Amino acid sequence: MSCKCSQNSSDLTLLKETLDRYAAVPGSLITVLQKAQAIYGYLPADVLNHIAEQMSIPAAKVFGVATFYTQFRFKPVGKYLIMLCQGTACHVNGSLMLEKAIFDTLGIKDGETTEDGLFTLKNVACLGCCSLSPVMMINDETYGSLTPQKVRDILAHLKKDALKEAAEQ
């Protein structure tokens, strides 16, 4: 069984090493999905179908697991994935003001990506950094004790770095 979603044409050979290592390991589906997302940046439908086929797992189960966990994405994200904590401590300490600063600066809301493909905003339930609230992560970097101005400054710095990097290529 395969998903009737629009099929992409992902390079499935990129998954060979991962599937060779984990396909026969019971309970390794989440690990395979994590590694696939690391390779492709998200989980395209054809990749999920390939994983199901190679692991001899029904496609419905693979899609069910992938859609259950919020860590998995089904569309490409920007170069910088902003995960903005909306947990209780962050909410009480101003996360909604940070979200507004992001919207005012980048013009994106939760789940959206900037037109230039640089930034994607994802509100998350908790980042586990309550003592730093309000907090956000951008890719693997954590930013705490934020104010709207600090957020604007961080975003401006990242955009400047991305433009400089693009100019050097």
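The values are calculated or read from the model by the stated rules, or taken from the named source; none is laboratory data. Remember, predicted model here, so these are calculated numbers, not experimental data. All Cβ positions, even for glycine, are placed from backbone atoms using ideal geometry, and neighbour counts span all protein chains on display.
Please specify each residue of the stretch 51-76 satisfying the condition of being part of a loop (DSSP other than H, G, I, E, B) and either under 21 Å from Glu17 (Cα atoms) or more than 21 Å from the chain's Cα centre (by Cα) (or both).
Pass one, the stretch 51-76, residues part of a loop (DSSP other than H, G, I, E, B): 56-58, 69-76.
Ser56, Ile57, Pro58, Phe72, listed by residue number.
Just to be sure before I move on: is Thr105 in a strand (DSSP E or B), touching a residue at least 24 places away in the same chain (Cβ under 8 Å) and surrounded by 14 or more Cβ atoms within 10 Å (Cβ to Cβ) in the structure I sent?
No.
Kindly provide the set of residues from the stretch 1-13 that are modelled with pLDDT of 95 or more and surrounded by 13 or more Cβ atoms within 10 Å (Cβ to Cβ), ordered by number.
Residue satisfying the conditions is Leu12 alone.
Do we have any residue at all in the stretch 77-89 that's modelled with pLDDT of 95 or more, exposed (fewer than 15 other Cβ atoms within 10 Å of the Cβ) and either outside any helix (DSSP H, G or I) or not assigned by TED's automatic domain parsing to the domain that holds Gln37 (or both)?
yes
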